[in-house]
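Please read the structure below before turning to the comments.
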Amino acid sequence: MPSSILTASSAMSQWQRLVGEAQKAAQTDLDEQLESYLVFLLMRFMGDTHVAARVLALDYLESMHVSGHACQQQLRDVGDRCLLVSGLFPQRAERRRVSIGYFVNLGRGAYGHLAQRLEAGLSDLYISLAEGFVMLMDTLQAVRQVDASASQPVLTPLQAFELWQATGSRAALRELRTTSSAEPLLSRNRHKH
C-alpha cells in the first residue's frame, strides 16, 4: 500500500513539474485552481489510449437527455476530452477533418453548460475552465514541446493560423511567427472569444 501512495505522489509531482515547465514555454500563467485541475486531468487520463476515439458532440447531446450526476459527469468528460484533444492531440482533429477550434468551442460549451447546472461554489471552477480553455490548451500543447522527444511543432502553420483566427491563441500566433516573417491579419469575420 505505501508504494502505491508513493507512486501516485511522485506521478503527481512529475506532472506538476511538467505543467510548470510548459507554462513557462507557452508563456501562460495559470492560477492555482486551473493548474491543479490540469495536473489531475493529466493523471486521470494518463492510461486512456482512447481519449479522442469518442464522438464528443454526440456525448454532449446525450448529456442533455440525462440528469443529475450522470449529466454532470458527461459534460465534464466532454470538456476534458476536448481540452486533451486540442492540447495534446491536435493532429487527430485534422484526421477527423474538423478544426481544432471545433474542439475548443465544444469544450468551452460543455464546461459552461456544466457551470450553469452546478451550485455557486463548484460552478466557479467550470466557469474558469470555460474562460481559460485556450490558455489551458496552449499549456498542453507546450507539454508536448517540453518533452525532449518532440522534434516537430505541435501545429502545422495552417493549423496555427486557423487556431489563432478562431480562438486568439497566443501560442498559435507565436508558432506562426516562427514559420514566417509575415505578420498574420485577423479576419473580419473572426468572432471575439
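Since every read-out is calculated from the coordinates, none of them should be taken as a lab result. Everything quoted here is computed from the prediction, not taken from an experiment. No Cβ is skipped: glycine too gets one built from the backbone with ideal geometry, and neighbour counts run over all protein chains shown.
Summary of values
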quantity: Per-pair calculated FRET efficiency, R0 = 45 Å: Thr179 and Ile127 via Cβ, rounded to 0.05; calculated: 0.85
quantity: Relative exposure of Ser13, Ser169, Ser63, Ser128, judged by other C-beta atoms within 10 Å (fewest first); calculated: Ser13, Ser128, Ser63, Ser169
